[in-house]
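Remarks on the structure that follows.
The values are calculated or read from the model by the stated rules, or taken from the named source; none is laboratory data. Bear in mind the structure is a predicted one, so any value in this text is a computation, not a measurement. Note: ideal-geometry Cβ built from the backbone for every residue, glycine included; neighbour counts use all protein chains shown.
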Ligand SMILES: C[S@@+](CC[C@H](N)C(=O)[O-])C[C@H]1O[C@@H](n2cnc3c(N)ncnc32)[C@H](O)[C@@H]1O
C-alpha cells in the first residue's frame, strides 16, 4: 500500500539520470490510469492504483530501459502513442517540426481543398497522425521500410482515431509505384553518420534503422531526387535535420530543386534542426 505522494518521493530518490521529473510524472499517470497532470495532483494523497505495474516499470527502468519503452507508450503533443523497441521514441524536436508544418500548411491551403500529405519514415506514426488530426481536409499517407515499425504505426492510428494509408517501402518508391501526387512531404529520416556520436542509452536501446545514414544526407537526397515525379503544381517539404547539415543539404537542393525556395530553422535551443522547402512546378504541366 502506498500513496501517489509516497511513490513520488521514492522515485525522486532513484538515480536522476534514469528517472527525471518528467519520467516520474509519466509513471504516476500510467499506474493510476490518469490522463492529465491535474488528475494526479487531485489524487496525490490517495492510494496508487497499480503497484505491481509500478514495480515492473521501475525494474525495467533501473535495468537501463528508456522510460517510454518501459511504459510501452509515450506522449507526442496531445497524442499518446504506443512505442516498442522497433520504433524510435518520438522526440520534442519532432513536436516542433509538426507544429511548424501545421502552421505553414494551414497558411497555404486552409480549407481550400483536399491536401495530400506523406510522412516518409513514419516510425510510431507520430507525424502522420498529428497532421491528419490537425489539417482540415487532409489525406495522409505514411511509409516505412520496416513491416514491424508499420505494425506499431497502424495500431497508433487506430488508437488515435486517425485514418492513414500506410505503405511499406523505400522512401518515395511506394508513391512512385502507386502514382500518387502529393501536396506535402514531411520526414524525419535517419541522419546520423557517425555512430560514436550517439548517446549510449539511445544506441543500446533504440532501432539503428531509425538512426543511421551514410552519408548523413543519404535519405534527403533520395527524396529530393524524386520530388518532381510525385508533386502536383506546388509541393511543400518539411524535414527534421541533424546539426551541421545545412551546407550539405543546400548543395543537394541546388542540384535537384534549383528553383525552390528554402529556409533552415532553429529549434528552441538555437540549433539548426529543420528545413522547409517550397517547390513550384517549372518544367512539367
Ligand atoms: C528517425 S526515425 C523517425 C520516426 C518518426 N517519423 C519520428 O519522427 O518519430 C526514421 C524512420 O525511418 C525509417 N526508415 C529507415 N530507412 C528507411 C527507408 N529506406 N525508407 C523508408 N523508411 C526508412 C525507420 O524505420 C524509422 O522508422
Task: Matching helices (runs of 4 or more DSSP H) fully within segment 10-123 where at least 3 residues are assigned by TED's automatic domain parsing to the domain that holds residue 179, surrounded by 14 or more Cβ atoms within 10 Å (Cβ to Cβ) and more than 21 Å from the chain's Cα centre (by Cα) - done: none
Open item on the list: For the list (1) within 13 Å of the ligand (Cβ to nearest atom); (2) without any contact (Cβ under 8 Å) to a residue 24 or more places away in the chain, I need the number of the one condition that residue 86 fails.
Closed with: (2)
Open item on the list: Within segment 143-184, take every residue that is assigned to a strand (DSSP E or B) and away from the ligand (no atom under 12 Å from the Cβ) and give me the one that is surrounded by the fewest Cβ atoms within 10 Å (Cβ to Cβ).
Closed with: 165
Open item on the list: Show me the helices (runs of 4 or more DSSP H) entirely contained within segment 190-275 in which 1 or more residues are within 12 Å of the ligand (Cβ to nearest atom).
Closed with: 200-205, 218-230
TODO: Output the number of residues of segment 119-137 satisfying the condition of being within 15 Å of the ligand (Cβ to nearest atom) and either touching a residue at least 60 places away in the same chain (Cβ under 8 Å) or out of contact with any strand residue (DSSP E or B) (no Cβ under 7 Å at 6 or more places or on another chain) (or both).
DONE: 5
Open item on the list: Given the criterion within 19 Å of residue 36 (Cα to Cα) and either free of Cβ contacts under 8 Å to residues at least 12 places away in the same chain or away from the ligand (no atom under 12 Å from the Cβ) (or both), identify the matching residue among 107, 116, 103, 49.
Closed with: 49
